[in-house]
Structure formats: structure tokens, C-alpha cells
Amino acid sequence: MNAFQLYRRYIGASMRAQMQYPGSFLMMAAGEFIVTLTEFVGVWALFRRFGQIRGWTFAEIAMFYGTVNVSFAIADAISRGFDVFGPQFVKTGNFDRILMRPRSTILQLLGYELRLTRIGRLTQGVIVLAIATHWLGIEWDARKVALLAAAIAGGVALFVGILILQATLAFWTVESLEIANILTYGGVEAAQYPLDVYARWFRDFLIFVVPIGCVAYFPIVRLLGHRASMSAPGWLLDAAPLSGIIFLLIALRVWRVGVSHYKSTGT
Amino acid sequence: MIRLRPYLTVFRMRFALMLQYRAAAVAGFGTQCWWGLIKVMVFAAFFRSSTAHQPMNFAQAVTYVWLGQAFLALLPWLADPEIAQMVASGNVAYERLRPLDTYFFWYARAMAWMIARAVPRALMMFSFACVVVPVLGMGEWRLRLPATPESAALFLAAITVTVLLSSAIVMFVNLGCVVTLSERGVNSLIVPFILILSGNIVPLPFFPNWMQPLLFAQPFAGLVDIPYRIYFGGLTGWIALGGIAQMIAWTVVLGFVGHRALRAAMDRLQVQGG
């Protein structure tokens with residue numbers, strides 16, 4: 001069985017398990033939808049008072065907001081195994097079992113669970129994107145579709161990379177640290193607004209250290225054709241989402257270092 | 001007369017237990033600093049983008065943001081996890097055996113849990129937002145002190161009532177947990193209400209003017225909006241006292257209804273487990 005088939009088996013089992021409680025699933029997905037929607041209501045209220053933020057309109061912000069929420073929803077749904085890695089695998093010693101199996105640790109942890117309730121955030125992001133498209137009168141041609149797809153793919157890679165780093169930390173700390181939320185939920189929060197809203201040091205951090213700006217901001221700026229104050233050449237901005245993939249590759253390297261440091265806590 | 005000692009004891013025990021989770025408090029603190037900075041920067045950009053008259057000025061909005069981070073743990077986010085556990089395992093039946101009023105017993109637990117989580121976080125957040133932020137050269141973004149001594153005194157009164165009000169709301173979530181036999185549904189139901197109606201996501205005065213009387217009157221305003229506006233002098237004198245009276249009124253109403261409803265629920269208790 002190749003890796004892809006095996007992953008499908010894992011995910012099939014995980015989905016059947018979650019569907020054992022359809023009521024609970026629906027309630028949690030709806031809850032997630034509503035909670036993420038409240039954020040958007042907040043943004044709406046501020047725009048109603050202020051009109052615009054540094055030249056950006058509400059409809060444009062909705063594009064940023066929708067894109068980053070779609071990316072994060074997908075990444076968070078597939079990376080559950082890494083999210084709960086500390087308490088579920090290191091603390092309990094269950095990681096020993098994963099190491100025993102003749103398959104990659106990454107594949108097994110990705111297969112741990114596909115969190116279906118994240119469909120709540122995903123739906124909300126897609127709806128926001130659709131509304132924003134309508135408001136802005138965006139005509140989708142191949143280039144724009146490619147830019148959006150690149151933004152989302154880069155975003156998913158970046159957030160998965162962050163969650164892998166969070167899990168890697170658990171090799172040393174045992175517990176999962178809430179501090180990684182700064183980069184996941186905090187990253188989503190930050191990327192909901194265009195980068196030029198932020199102070200210089202913060203902007204640089206979001207471009208060069210944890211490149212959320214590269215995956216969520218530059219592609220959308222290009223897509224909107226906005227006259228944002230960017231001095232970089234166009235091709236560089238188009239290539240920016242690749243940094244999400246690079247971040248993921250680096251995270252995977254760090255993960256391997258972590259695995260080689262693993263000392264079982266099990267009994 | 002109600003014997004107070006058992007309730008005070010459970011409060012003290014719970015408080016001591018919660019203080020143990022120091023690592024969690026530090027990690028939470030880091031997250032909140034970051035969160036606060038993002039919100040402050042967004043407000044800074046908004047205020048620079050518009051000259052229209054706003055319901056509060058930039059310094060006040062910043063203060064509102066930091067207070068929100070400092071007192072985040074005072075919000076009734078969840079059912080008491082141990083009560084949820086008891087409901088799931090069926091051990092909740094033991095609560096019927098105690099010669100105590102279950103409502104006040106659980107209320108004391110909720111209050112202790114909340115205060116123990118909030119006090120260290122608030123102290124750390126005040127030192128960060130009042131001292132560290134200006135030292136780092138971001139003086140515009142610092143948490144201001146209360147507008148006047150009068151505001152400070154009124155704020156202390158208000159935030160005390162916030163604890164009582166928030167505990168009464170937690171009791172409703174606990175109640176929902178007992179009735180539906182699971183904490184998941186009620187926990188996900190309460191969160192959007194808190195986020196929007198307390199002022200946690202956006203300070204309530206920024207919502208459209210026609211909503212303001214409604215927003216001021218509803219119970220969630222007392223969790224965030226009323227005390228914070230008292231703090232920076234947005235609500236003063238009789239209006240501030242009216243706000244506090246509103247909070248006390250909701251606390252009493254929710255407490256009274258919750259007390260009766262919990263007794264009814266416990267009388268018809270379904271016990272799970274074997």
C-alpha cells in the first residue's frame with residue numbers, strides 16, 4: 001500500500017469515528033462557524049465607524065480575511081495529530097508505537113485525525129471570499145485563480161509547518177505549549193489585516209521570520225492590483241507563497257532532529 | 001442563617017489548586033501580550049485613517065484592549081471542567097448527598113477558579129502594558145491609569161461585581177451541562193455571545209449608535225464594557241453607578257433563576273455511568 005492509500009485509510013477511519021456522533025459534530029461545526037463569524041462582525045463594526053484603514057476598504061480586507069481563514073481551517077483540520085502531540089503522544093509514550101511502525105512518523109500523525117468540525121471556519125472563509133469577490137467585481141481569470149490558489153496552498157503549508165514546530169517542541173517540554181497559539185491563531189488574527197497596518201518590526205517579522213505576510217498578503221495585493229507601497233518587483237511578489245512551502249520543509253528538518261532526540265516517557 | 005464555612009473552604013481549596021498552574025499562566029500571558037499588540041496596532045491604523053468623531057479616543061481604545069487582555073480570565077468561557085467530568089461519569093449524584101446547597105457550592109468553586117486565574121494574569125499584564133510597553137519606546141500604546149481617583153474606585157466596585165456576574169453565568173453553563181449531559185454543546189453555545197456582546201472582540205461603543213441602549217442593558221456588557229469604560233472615564237457619575245446597578249441587577253436575576261433551575265434539574269437528575 002502506498003503512502004497515499006494508507007493516508008486515505010487513516011482518514012476514512014477518522015471520519016467514520018467522528019460521524020458516530022452526528023449531533024455533536026453538527027453543533028461543534030456550527031459553533032465554529034458562528035465564533036469565526038463574530039470576528040468578522042467586529043471588523044464590520046470598525047469599518048462602519050472609520051470608513052477605511054490606511055486606504056484599504058472593507059471589501060479588500062474581506063479578501064485577506066477570507067484567504068487566511070480558508071488556509072488555516074485546512075491546515076488545522078489535517079494537522080490535529082501535531083496539535084495534540086505533546087499530551088497524546090509524548091506524555092503517554094504512544095510515540096513509541098508510531099516509531100515501531102515501518103512508515104513515516106509524519107504520515108502517521110497526519111493520519112491521526114482529519115478534524116471535520118473545521119468545516120465551520122472553512123465555510124465562513126469561503127463565504128467571506130465569495131462576498132468580497134462580488135463587492136469588488138473581481139473577474140476570475142487563470143492568473144487570479146492561480147494567485148488565490150497559491151496563497152491558500154502556501155498558507156496551508158506555513159500553518160502545518162508551525163504546528164509541526166509546536167509538536168517538535170514537545171520532545172523537550174513534554175507538554176504542548178500554548179505559546180504556539182501566538183503563531184497559529186495570532187497569525188490568523190494578524191493576517192486578517194494588510195501588512196502595512198502594522199509597525200515596521202512586526203511587518204518584518206511577518207515577512208522574514210514567520211512568512212505569513214508572504215502567503216496571505218502579497219498574493220492578494222497582486223490579485224487586487226492594489227497600489228500598495230511595495231518596492232519589490234512583481235515576479236518576486238508572485239513567488240512569495242513559495243516561502244510557505246520552504247517554511248514547511250525547514251519545519252520537517254527540525255522535526256527529524258526532534259525525533260532523533262526523543263526519549264520515551266513510557267512505562 | 002446559611003452556614004458560610006463550607007463555601008469559604010471550597011473557595012480556598014480551589015483557589016490554591018488553580019495557583020499551581022503557573023506554566024499555563026505564563027504561556028497564556030505571552031499569547032495575550034501578542035494579541036494585545038496586534039489589536040492596538042490595528043486601532044492605531046484605524047485612528048490614523050479617519051478624522052471622523054469616534055465614541056472613544058485612541059488612548060481610551062488602547063486602554064480598553066489591554067484591560068481586556070488583563071481580565072480575560074474573568075469571562076465565563078466554559079463550564080467547570082470538573083463538573084462536566086462529574087456529569088459524564090455519573091459522580092454528580094454525590095453532589096446530592098452533600099448537606100450543602102449545590103448552587104452556592106458550585107458558585108464558590110466558579111468564583112475561586114476565576115479569581116485565581118485572573119489575579120496573576122492581571123498583575124503580569126498591568127506590568128507589561130503600563131511599564132514594559134513604554135520602556136520599549138511604544139509610549140502611545142501603553143495602558144493608562146484610571147482617569148480619576150473616582151474612576152478608580154468605581155472601577156474596583158464594578159470589577160468585583162463582574163466576578164459575581166460572571167460566576168452566575170458560569171452557573172448557567174454548568175446547568176446546561178447537567179441538563180444536556182455534556183459540556184460540549186453549551187460551551188460552544190456561550191462563546192459567541194461572550195465574544196460579541198461583552199465587548200471582547202470590539203468595544204461595544206463602536207457598534208452602531210442605534211444598538212447602544214440595547215448593548216448597554218444586556219447582561220454581557222457587565223463582563224467587559226461597563227467596567228472598562230468606567231476605568232478610563234467614559235462612564236462617570238450617575239451613569240457609572242447606573243451601569244454598576246445594571247450589573248448587580250443581572251447578577252441577582254441570573255442567580256435567582258439559576259438557583260431554582262439547578263434545584264429543579266438536580267431533582268430530576270439523570271445519572272450516567274455504571
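Couple of notes before you dig in:
- Listed from fewest to most Cβ neighbours within 10 Å, the set B:R121, B:R96 follows the order B:R96, B:R121.
- Choice from A:S243, A:S71, A:S14 with maximal GNM fluctuation in chain A (Cα, 10 Å cutoff): A:S14
- Alpha carbon centroid spacing (whole Å) that separates segment B:126-196 from segment A:1-62: 25 Å
- Rounded to whole Hz, the Karplus (6.51, -1.76, 1.60) HN-Hα couplings of segment A:40-55, x for glycine and proline: 5, 4, x, 4, 4, 4, 5, 5, 5, 7, 9, x, 7, 10, 6, x
- Note on chain B: helix-only mean residue ellipticity at 222 nm, from DSSP H runs of 4+ residues weighted -39500 (n - 2.57) and normalised by residue number, equals -22500 deg cm²/dmol.
- Our coupling estimate for segment B:249-260, obtained by passing each phi through the Karplus curve with A = 6.51, B = -1.76, C = 1.60 and θ = phi - 60°, is 4, 5, 4, 5, 4, 5, x, 5, 5, x, 4, 5 Hz, Gly and Pro reported as x.
- Each Lys and Arg adds +1 at its Cβ and each Asp and Glu adds -1 at its Cβ; summed about the Cα centre, the protein assembly as shown shows a dipole of about 780 debye.
- Part-to-part distance (alpha-carbon centres) for segment A:129-176 and segment B:44-60, which is given in Å: 31 Å
- Computed helical MRE - 222 nm, chain A, DSSP H runs ≥ 4 contributing -39500 (n - 2.57), nearest 500: -21500 deg cm²/dmol
- Between A:E32, A:E189, A:E139, the GNM of chain A built on Cα springs shorter than 10 angstrom shows A:E139 fluctuating the most.
- Nonlocal amide H pairs with B:S198, under 5 Å, H built at 1.01 Å: none
- Nearest-ten-degree value, helix A:3-18 long axis tilted from longest Cα axis of chain A: 90 degrees
- Taking other C-beta atoms within 10 Å as the exposure proxy, A:C214, B:C33 rank B:C33, A:C214 from fewest upward.
- Fewest-first sequence of B:D80, A:D96 by Cβ atoms within 10 Å of each Cβ: A:D96, B:D80
- For chain B, the fraction of alpha-carbon pairs in successive 10 Å shells from zero, as %: 7, 27, 34, 21, 9, 2, 0
- Farthest toward positive dipole pole in the protein assembly as shown [+1 Lys/Arg, -1 Asp/Glu at C-beta], among A:G31, B:V40, A:I179: A:I179
- Here's the list of aspartates and glutamates a cross-link from A:K91 could span, going by alpha-carbon distance under 20 Å and ignoring same-chain residues fewer than 8 apart: A:D83, A:E113, A:E175, A:E178.
- Length-normalised contact order for chain A - Cα pairs under 8 Å, 6+ apart - percent: 27 percent
- Dimensions in Å of segment B:126-274 - Rg and Dmax from alpha carbons: 18.5, 61
- Full extension of the chain between A:W172 and A:W201 yields a length gain of 7.5 nm, computed as 0.36 nm times the residue separation minus the alpha carbon distance.
- The C-alpha atoms of chain A define a longest principal axis, and helix A:58-78 lies at about 10 degrees to it.
- Phi-derived couplings, Karplus 6.51 cos²θ - 1.76 cosθ + 1.60 at θ = phi - 60°, listed residue by residue for segment B:101-115: 7, 4, 4, 5, 4, 6, 4, 4, 4, 4, 5, 5, 4, 5, 5 Hz, with x used for Gly and Pro.
- Relative to the longest principal axis of the Cα atoms of chain B, helix B:22-49 runs at roughly 40 degrees.
Values in this text are rule-based calculations from the coordinates and carry no lab data. The shown structure was predicted, so the numbers you read here are calculated from the model rather than taken from an experiment. Quick reminder, even Gly has a Cβ in these numbers, built from the backbone with ideal geometry, and neighbours come from all protein chains shown.
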